[in-house]
Amino acid sequence: MATLLTYPLPKQDSLPRWRQTLLDRLPLHADAADRYRLHFYDSFDWRLFMAGKLLEWREHNGVSELCLHDSGNDVTALTTRLDRPPPRFAADLPAGRLQRQLDKLLGVRALLPLTCVDVRSQCFRLIDEEGKTRVRLFLEQLRLAGSGGHGRILAKRLRLAPLHGYGNDAKRLTQHIEQNLALLPQAQNLLAEALSGTSKTPGDYSSGIDIPLQPEQRADAAMRRILLVLLQTMETNEAGIIDDLDTEFLHDFRVAVRRSRAALGQMKKVFPVRTLQRFRDEFAWLGSMTGPSRDLDVYLLEFSALQALLPADLRGDLEPLRDHLARHRQQEHAVLCRELQGARYRKLKQQWRRYLTSKLPQRPAAADARKPIADVAHHRTWRMYRRVLKEGNAITPESPAEEVHELRKSCKKLRYLMEFFKRLYPAREISALIKILKKLQDNLGEFQDLQVQSQAMKQFSVEMDREGRLSPQTALAMETLSDTLQDHMQRVRSEFANRFEAFGKKANRQRFERLFHPDAGAENRP
Amino acid sequence: MKVIACYNIKGGVGKTATAVNLSCLAAREGHPTLVWDLDPQGAASFYFRVKPKVKGGSGSLFRRKRELDDVIKATDYDHLDLIPADFSYRNLDLTLEQFSKSTKRLRKLIKPLRSDYDYLFLDCAPGISLVSENVLLAADILLVPTIPTTLSLRTLYQLLQFCEDRGYTHLEILPFFSMVDRRKNLHRLMIDDPPKAGRGFLSSTIPYASEVELMGTKRTALESYAHSSRAAEAYRALWEELKPHLAPSQV
Ligand SMILES: Nc1ncnc2c1ncn2[C@@H]1O[C@H](COP(=O)(O)OP(=O)(O)O)[C@@H](O)[C@H]1O
Ligand SMILES: [Mg+2]
């Protein structure tokens, strides 16, 4: 909870000499030299870094601790004692404040080790006449771990640790250090320093899509650029899927596949017909091949929430379903790994990359290929928006579920288009419109999920029965759950009219028009 | 934050030894922990080598003239802080009487600490007074070190009766045997067949041990100088036994 002040020392300085200087010049007592190892962690998508946090496990042969700092200002926010390396998921940490905070920050993402730093540390204390420590000062050398103890020296430093209630003593010692030793405090970015020279950079992966585009850029060039980024996203997530680190790798992979499919589907006049056909088929295969694993992931992630929908006395009876899901997930995951390491996928990637990086044709056959991307984006987005309005307006409380699903798909396409071309529009306005669309999508998505889940319960019970693992109690629990999900679905469905009305209200229509209508002033477009 | 009061109507039963040793164990696990030395004699402050002095005295603290944060002192243990004693605490009853809800003043005062600490240990002075009523209303758990003698048991029953009369049902009262000397017949008899008291005694007991007495000269918790002693082990066992009572959802 204390603020630390760090004074970087020149890397070539000798620490024994500093030790002597400190003892000569300041009224300090030296503890025995100590060492510990700092292990840094974050999720694959840098959720802690993005939240301005730094998580380190301080491995010490006495007391090891997991500490969450606010990065930049060296303030220790939360700590818990932890004698083993942190578990993959925050939920498995010892209960407490740190556990809750990490759980909130990380969600379903796993903690992954980033790098280790060995610290040689000596503590100096300012002690009063009662024998009470009033300030602590650490003289430290930090070295990249590994290389048999000969890793790169990252920093040498003095670190002052004031103690609550003894601020005046800390202030006096600070003055001494700054005046007599001519040192200046400076926050250190230890993690960035330790990661320099590796392939990792804090913040280098995000599941969002944010691609800089030039409005006048050829449409085919811009689309290739987008699709290349999506291909990279797929490749980046492969290892995490195969190593089964957490479920988000597969999720992000599938989103990239879906976005690629949407781009191909929406840009029919930008790409050559034959290319389109070939790759659309391959991406459709990739989508359906990865589907079963993802579905089972979702059921397992949501299992407790589903269970909670049941009356308390039935909840336990659902447990065999969890086993069933886990077992099948194992099998599906193995299939998925085989395919991801197989020839069809490898070939797809090779050919796709070759196409996306090939020379742009001088005289493309596709009609829109050479049009400015801004025009194509504008046109496609507007068309899709019109379609969403039309489909949505046609839906009445009596309309069959299929129509709602069609609308859901159109909304998704609209969303992808808006995200691809975000940079072509004023940032605030496009983000606001995406948010408006998202509210409608949430309702449609929930409706779809509930329907699928309700049906899946029936299918799972058939499977479990076939495998001879379905007791009458479990069957009853699953049937009850299926019915409950149906009820919820009706409720969500009945909320649709209001949601759509909010989405399609005049003020919102005008906002969409201002951005995307063909006659909309070019002033809205950069 | 869980508020754990180390309390007994009797003095010299090991309240302070318990507060000091358990708070150190909590802090060692990384839990931000605070000890409030409410005894004007300031034994806990002495063990932590902190001057038993609160600027402006208890009056300014309880009248909120001075923020609690201003009087908190970090101890030499990581994650462990102390609100030291002050000689003016001997008049705390008089200070408290001035407030309209005089029994709930302490409880109100510690509210802002809830977001900063996982545990607050109250090291209480003996006796039944307005201060102890404040403690009973502020605490979640009442840890009652009890020497296994007939007389000590009588005061324990008095305490239980008192809490029942006042309807302090929120309070979990956990007595345990302290300063146990198994060479003494009475101690042995009582430990082996503990009397029924409230929900019963915790099963951990603290032996009578010279290491504990040494705390007065070492001025630090047992863990620091006698980690492998029987007494240190007994405090660790007591802490482990307490943990289930410190439900994480409410920490
Ligand atoms: N388990 C024990 N064995 C031996 N001496 C103890 C033990 N517990 C406490 N003492 C000693 O007894 C005296 C009173 O203990 P203390 O913890 O201050 O009691 P309280 O706070 O209830 O007045 C102190 O001198 C302390 O060192
Ligand atoms: Mg005492």
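The table for this structure:
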quantity	calculated
Unique match (being in a strand (DSSP E or B), buried (at least 17 other Cβ atoms within 10 Å of the Cβ), touching a residue at least 24 places away in the same chain (Cβ under 8 Å) and within 14 Å of another protein chain (Cβ to nearest Cβ)) among A:143, A:136	A:136
Pair list, Cβ under 6 Å, 6 or more apart: the range A:241-261 residue within 13 Å of residue A:226 (Cα to Cα), other residue among the hydroxyl-bearing types (Ser, Thr, Tyr)	A:256/A:233; A:259/A:416
Selection status of residue A:159, assigned by TED's automatic domain parsing to the domain that holds residue A:59 and within 30 Å of residue A:303 (Cβ to Cβ)	no
Yes/no for residue A:221 being over 30 Å from residue A:11 (Cβ atoms), surrounded by 14 or more Cβ atoms within 10 Å (Cβ to Cβ) and modelled with pLDDT of 95 or more	yes
Test: residue in the range B:35-52 that is farther than 21 Å from residue B:214 by Cα and away from ligand 2 (no atom under 16 Å from the Cβ)	no
Residue within the range A:107-114 that is touching a strand residue (DSSP E or B) at 6+ places or on another chain (Cβ under 6 Å), at pLDDT 90 or above and within 19 Å of residue B:29 (Cα to Cα) present	no
Odd one out for residue B:7 among (1) more than 9 Å from ligand 2 (Cβ to nearest atom); (2) touching an Asp or Glu at 6+ places or on another chain (Cβ under 7 Å)	(2)
Candidates B:107, B:114, B:154, B:90 - the one that is closer than 19 Å to residue B:19 by Cα, more than 14 Å from chain A (Cβ to nearest Cβ) and not β-branched (Val, Ile, Thr)	B:107
Single unsatisfied condition, residue B:139 versus (1) touching a helix residue (DSSP H, G or I) at 6+ places or on another chain (Cβ under 8 Å); (2) crowded, with 20+ Cβ neighbours inside 10 Å	(1)
Check on residue B:211, surrounded by 12 or more Cβ atoms within 10 Å (Cβ to Cβ), within 14 Å of another protein chain (Cβ to nearest Cβ) and under 25 Å from residue B:50 (Cβ atoms)	no
Strands (runs of 3 or more DSSP E) contained in the range B:113-216 and holding at least 2 residues away from ligand 2 (no atom under 16 Å from the Cβ) and closer than 21 Å to residue B:233 by Cβ	B:172-180, B:205-207
Evaluation of residue A:54 against (1) touching a residue at least 24 places away in the same chain (Cβ under 8 Å); (2) within 16 Å of residue A:142 (Cα to Cα); (3) not charged (D, E, K, R) (one fails), failing number	(2)
In the range B:36-67, the residues that are away from chain A (no Cβ under 13 Å) and in contact (Cβ under 8 Å) with a residue 60 or more places away in the chain	B:36, B:37, B:38, B:39, B:40, B:41, B:43, B:44
Enumeration of residues in the range B:117-151 that are at pLDDT below 95 and within 14 Å of chain A (Cβ to nearest Cβ)	B:117, B:118
Residue B:71 more than 16 Å from ligand 2 (Cβ to nearest atom) and of a type outside the set (Ser, Thr, Tyr)	yes
Evaluation of residue A:58 against (1) within 14 Å of chain B (Cβ to nearest Cβ); (2) over 18 Å from residue A:190 (Cα atoms) (one fails), failing number	(2)
Of all residues making up the range B:109-148, the number that are within 16 Å of ligand 1 (Cβ to nearest atom) and among the basic types (Lys, Arg)	0
Qualifying positions in the range A:84-115 - among the hydrophobic types (A, V, I, L, M, F, W, C), away from every other protein chain (no Cβ under 12 Å) and crowded, with 18+ Cβ neighbours inside 10 Å	A:90, A:102, A:105, A:106, A:110, A:111, A:114
Within the range A:418-474, tally of residues that are farther than 30 Å from residue A:505 by Cβ, part of a helix (DSSP H, G or I) and charged (D, E, K, R)	4
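The values are calculated or read from the model by the stated rules, or taken from the named source; none is laboratory data. Remember, predicted model here, so these are calculated numbers, not experimental data. Neighbour counts run over all protein chains shown; Cβ positions are idealised from the backbone, glycine included.
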